[in-house]
Ligand code: ADP
Ligand code: ASP
Ligand code: MG
């Protein structure tokens, strides 16, 4: 008999009528012969209401008490759903996370699942009962019976973890949209349903703001090969299937504590081009990368960081064989700027190009690093210990890449393999002949360059000015933040080296959750005297817009298309950060929604749209 785990989100159980409708759907499936474990969220917005109550009582509520409070929401919905199912004549029983035996770490409000006991579930299933389980909660691994929660949106993770533990045929996530769409339909009403998406793409989208799935749920599905489907609670349409490659067999012990990093990737054939002092106004990145794309040059990492309020630095890497052509484009571009845009009297601000021929890119990759702020810091520390200076940092939730000098590469890899416990025996990666992965790569062929777009309005940008340019600084900074559980996202290190009091310095900027920005700033201030940087600024009025697609690997022009679309709408790009399958831009908060709509349109992601080509580059 097929065992299905179904999960219903807050809106789907938001009223008595909706609970009854869910009960009807469950009973229909049970009568069709399926064994069912049903995971539910709290009704409607009740978790938000509980959070609001807590903040009325305390400005900084203790995490343990938050878990006591928030876990009650799901206890209401499981009992009501179980009653509604029984009302329809189908035996059912509700269980809290603790009653099931969903054992987690002790970290309140963000616990990871360690193990799930299946005995009690199996007993009820064997008795022909539907088992209704509270999502989002567990019990800490100690004798104290402490209730934990998994983090907001965590019911998806409960459901997929249960499916993995029970070796279920399918995990179906029922929600208030028809499935996974090209972007959030609340912002772009004509977003298009995707019949399927790779787990890699969904992981990026989920961690860049597409809250339709909790990223950790995707991580578990990918690690254990769970068949995962996202569908509408209101229709019988098939929804979206999240496709995972066949996984290596792995133990169910330490379920969510899979190794944080499962691959170290190296590309020794890169070269870096940095344009310093380019004007900070809409259209500059569009024009530059448009010119690069027009020469059919594929760029890999791109980063842009802000400097003195008037000018930016943009750096990118290309395959070394293309360096001369890319450099010619960059040179021509920089020469064109002063004549038209820069104040002629101010020669110190003339744009210029720096080229670093011998560059290597080393990356750590793994879905296990989601929500573990210490992993990037560990990488920086490993590089610092090997005396490797980091030239560029580019991050996503599932990958951190650093551009370093080629001659440091062997030391870097040895140190990283040692730190992350990865076998030091490379196998070639699928994407390019010059890159090496210390594990087989799982690239999916023949996908369009961009599958989806996401907007995150809940981030803040922190800039640390004039950080002395020596190995170990990034390690120290991000290790300290990680130690205080502050997750950072896009990290960007400036290209420009400024001499301050005789010391070469660079700026480091990163984004973090808005709620954590002020504590991050306060923490950074405490180590300022030791590390010797200048000042720290916080900007909360930012938005991050991103595009994701496995097909963008080796596809020139994707970045240019995004920048051109934004430039045409006069949206200024403040920060750029890339990984192989995503490209994110930080823009001002006010432009966020417009930026998402613009890029969604530019990549013809809307229903019924025909592809538009934006390869000719207009000077904005
Ligand atoms: P649930 O309560 O069922 O878990 P959520 O509110 O957590 O539902 O997630 C569903 C919501 O995610 C949708 O209503 C939609 O607004 C939002 N969303 C954001 N990005 C996407 C996307 N790419 N595809 C579908 N929905 C998305
Ligand atoms: N009720 C929890 C929340 O609102 C968990 C969930 O809905 O997934 O975050
Ligand atoms: Mg959700």
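If you go through segment 154-172 one residue at a time, do you hit one that is assigned to a strand (DSSP E or B) and within 16 Å of ligand 2 (Cβ to nearest atom)? Looking through segment 154-172, at least one residue is assigned to a strand (DSSP E or B) and within 16 Å of ligand 2 (Cβ to nearest atom).
Take residue 435 and decide whether it is at pLDDT below 80, more than 16 Å from ligand 2 (Cβ to nearest atom) and surrounded by 19 or more Cβ atoms within 10 Å (Cβ to Cβ).
Numbers: at pLDDT below 80: yes; more than 16 Å from ligand 2 (Cβ to nearest atom): yes; surrounded by 19 or more Cβ atoms within 10 Å (Cβ to Cβ): yes.
Yes: the conditions hold for residue 435.
When residue 188 is tested against (1) buried (at least 18 other Cβ atoms within 10 Å of the Cβ); (2) more than 14 Å from ligand 3 (Cβ to nearest atom); (3) under 25 Å from residue 245 (Cβ atoms), just one condition goes unmet, and that condition is (3).
Any residue that is within 17 Å of the chain's Cα centre (by Cα), surrounded by 24 or more Cβ atoms within 10 Å (Cβ to Cβ), touching a residue at least 60 places away in the same chain (Cβ under 8 Å) and within 16 Å of ligand 3 (Cβ to nearest atom) - is there at least one of those in segment 172-180? Steps first, please.
First, the residues of segment 172-180 that are within 17 Å of the chain's Cα centre (by Cα): 180.
Retained after the next criterion (residues that are surrounded by 24 or more Cβ atoms within 10 Å (Cβ to Cβ)): 180.
If we keep only those that are touching a residue at least 60 places away in the same chain (Cβ under 8 Å) too, we end up with 180.
After this cut, where a residue has to be within 16 Å of ligand 3 (Cβ to nearest atom) as well, the list is 180.
Yes, some residue in segment 172-180 is within 17 Å of the chain's Cα centre (by Cα), surrounded by 24 or more Cβ atoms within 10 Å (Cβ to Cβ), touching a residue at least 60 places away in the same chain (Cβ under 8 Å) and within 16 Å of ligand 3 (Cβ to nearest atom).
Elements of the type helices (runs of 4 or more DSSP H) sitting completely within segment 53-126 and holding at least 2 residues that are under 26 Å from the mean Cα position of the chain (by Cα) and either within 16 Å of ligand 1 (Cβ to nearest atom) or in contact (Cβ under 8 Å) with a residue 60 or more places away in the chain (or both): these cover 63-87. Based on what the data block shows, is residue 250 modelled with pLDDT under 95, surrounded by 14 or more Cβ atoms within 10 Å (Cβ to Cβ) and farther than 23 Å from residue 546 by Cα? The answer is yes for residue 250. Only one of the numbered conditions (1) surrounded by fewer than 22 Cβ atoms within 10 Å (Cβ to Cβ); (2) farther than 22 Å from residue 231 by Cβ; (3) away from ligand 1 (no atom under 16 Å from the Cβ) is violated by residue 151, and that is (3).
Could you say which residue among 235, 246 is without any contact (Cβ under 8 Å) to a residue 24 or more places away in the chain, under 30 Å from residue 38 (Cβ atoms) and out of contact with any helix residue (DSSP H, G or I) (no Cβ under 7 Å at 6 or more places or on another chain)? Lay out the reasoning, then the answer.
On the way: 235 fails: without any contact (Cβ under 8 Å) to a residue 24 or more places away in the chain.
Testing whether each residue is without any contact (Cβ under 8 Å) to a residue 24 or more places away in the chain, under 30 Å from residue 38 (Cβ atoms) and out of contact with any helix residue (DSSP H, G or I) (no Cβ under 7 Å at 6 or more places or on another chain) leaves just 246.
Counting only residues that are without any contact (Cβ under 8 Å) to a residue 60 or more places away in the chain, over 21 Å from residue 597 (Cβ atoms) and either surrounded by fewer than 20 Cβ atoms within 10 Å (Cβ to Cβ) or out of contact with any strand residue (DSSP E or B) (no Cβ under 9 Å at 6 or more places or on another chain) (or both), how many does segment 209-226 have?
Matching residues across segment 209-226 total 1.
In this structure, residue 23 does not qualify as within 26 Å of the chain's Cα centre (by Cα), modelled with pLDDT of 95 or more, buried (at least 24 other Cβ atoms within 10 Å of the Cβ) and not in a strand (DSSP E or B). What is the one condition in (1) out of contact with any strand residue (DSSP E or B) (no Cβ under 6 Å at 6 or more places or on another chain); (2) surrounded by 16 or more Cβ atoms within 10 Å (Cβ to Cβ); (3) assigned to a helix (DSSP H, G or I) that residue 471 does not satisfy? For residue 471, the exception is condition (3).
Could you go through segment 481-494 and let me know if any residue there is part of a helix (DSSP H, G or I) and under 18 Å from residue 459 (Cα atoms).
If we filter segment 481-494 for residues that are part of a helix (DSSP H, G or I), which is where we start, we get 481-483.
Adding the requirement that they be under 18 Å from residue 459 (Cα atoms) leaves 481-482.
Taking every residue of segment 481-494 in turn, at least one turns out to be part of a helix (DSSP H, G or I) and under 18 Å from residue 459 (Cα atoms).
Of the numbered criteria (1) surrounded by 24 or more Cβ atoms within 10 Å (Cβ to Cβ); (2) within 26 Å of residue 131 (Cβ to Cβ); (3) within 10 Å of ligand 1 (Cβ to nearest atom), the one residue 206 fails is (2).
If you go through segment 307-321 one residue at a time, how many are surrounded by fewer than 18 Cβ atoms within 10 Å (Cβ to Cβ) and within 20 Å of residue 359 (Cβ to Cβ)? I'd like the intermediate steps shown before the answer.
We begin by selecting, within segment 307-321, every residue surrounded by fewer than 18 Cβ atoms within 10 Å (Cβ to Cβ); these are 308-310, 321.
Within this subset, residues satisfying the condition of being within 20 Å of residue 359 (Cβ to Cβ) are 321.
Here the count works out to 1.
Kindly provide the set of residues from segment 31-41 that are touching a strand residue (DSSP E or B) at 6+ places or on another chain (Cβ under 9 Å) and either within 13 Å of ligand 3 (Cβ to nearest atom) or part of a loop (DSSP other than H, G, I, E, B) (or both), ordered by number. Steps first, answer last, please.
Here is the first cut: in segment 31-41, the residues touching a strand residue (DSSP E or B) at 6+ places or on another chain (Cβ under 9 Å) are 34-41.
Of everything in segment 31-41, those that are touching a strand residue (DSSP E or B) at 6+ places or on another chain (Cβ under 9 Å) and either within 13 Å of ligand 3 (Cβ to nearest atom) or part of a loop (DSSP other than H, G, I, E, B) (or both) turn out to be 34, 39, 40, 41.
Would you say residue 5 is within 16 Å of ligand 3 (Cβ to nearest atom) and buried (at least 23 other Cβ atoms within 10 Å of the Cβ)? Judged against the criteria, residue 5 is a match.
Do we find a residue being near ligand 1 (Cβ under 7 Å from one of its atoms), more than 19 Å from residue 113 (Cα to Cα) and crowded, with 23+ Cβ neighbours inside 10 Å anywhere in segment 156-170? No, because not a single residue in segment 156-170 is near ligand 1 (Cβ under 7 Å from one of its atoms), more than 19 Å from residue 113 (Cα to Cα) and crowded, with 23+ Cβ neighbours inside 10 Å. Every listed requirement among (1) at pLDDT below 95; (2) more than 12 Å from ligand 2 (Cβ to nearest atom); (3) at positive phi is met by residue 143 save one, (3). Within this structure, residue 180 passes the test of being modelled with pLDDT of 95 or more, farther than 23 Å from residue 252 by Cα and touching a helix residue (DSSP H, G or I) at 6+ places or on another chain (Cβ under 9 Å).
The values are calculated or read from the model by the stated rules, or taken from the named source; none is laboratory data. Bear in mind the structure is a predicted one, so any value in this text is a computation, not a measurement. Ideal geometry is used to build each Cβ from the backbone, glycine not excepted, and the neighbour counts take in all protein chains shown.
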